[in-house]
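Every number here is computed from the coordinates shown, using simple stated rules; none is lab data. None of these values were measured; they are calculated from a predicted model. Neighbour counts are summed over all protein chains in view; Cβ atoms, including those assigned to glycine, are modelled from backbone coordinates with ideal geometry.
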Amino acid sequence: MEHDRPRPPLTGQEKFAWILGCGWHGRCPRCGEGRMFKSWLKIVDTCDHCGLDYRFAAPDDGPAFFSLCVIALPLIAFVVWLQVAFDPPIWVHLVTSVPFMAIGTLAPLRPIKGWLVASQYVNRAQEAGTGALWSMLHGTEQGQNDFDQ
């Protein structure tokens, strides 16, 4: 398939900005135009603009890990502070803390997943030693992978 595909800039800061921009907006990490998601967290099979095959994308539990470790821990600290400082009744936590925690940990999942997929593509990241197996399973030529599409 012939397509115009601007490559992400190669310098460190520009590469980082490209990854964050594609991840935040849910755009294809190769062309920056096509959609990365077909639903809230489900990745499309191929880019509707440049045809990038997303078989390489394997963020696995990364978005949940980052959401829980980076976002939920400070939120928990806030809820504990609220309890210690004011000792509110349980209904106050049900009305404030539970929605605060749920929204605070679920809302960033999509941008984090987009960031991980874009980072995986831009940095050509794949599990070490899986190149030959990947070629055999997906019918690509030996020495090529999905980043060479």
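What the table below lists for this structure:
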| item | result |
| --- | --- |
| Derived scalar couplings ³J(HN,Hα) [segment 72-81; Karplus, 6.51 cos²θ - 1.76 cosθ + 1.60; whole Hz; x for Gly, Pro] | 5, 4, x, 5, 5, 4, 5, 5, 5, 4 |
| Residues whose placed amide H lies under 5 Å from that of Arg27, excluding near-sequence neighbours | Met36 |
| Gap separating the Cα centres of segment 83-100 and segment 51-68, nearest whole Å | 34 Å |
| Length-normalised contact order for segment 12-140 - Cα pairs under 8 Å, 6+ apart - percent | 35 percent |
| Over segment 12-140, equivalent-ellipsoid semi-axes from the Cα gyration tensor in Å | 37, 15, 13 |
| Ranked packing of 40-50, 17-27, 77-87, 110-120, most packed first, by mean Cβ within 10 Å | 110-120, 17-27, 40-50, 77-87 |
| HN-Hα J in Hz across segment 45-52 - Karplus 6.51, -1.76, 1.60, θ = phi - 60°, x for Gly and Pro | 6, 9, 5, 6, 9, 10, x, 4 |
| Cut-off under 5 Å, modelled amide H: who pairs with Ile43 long-range | Lys38 |
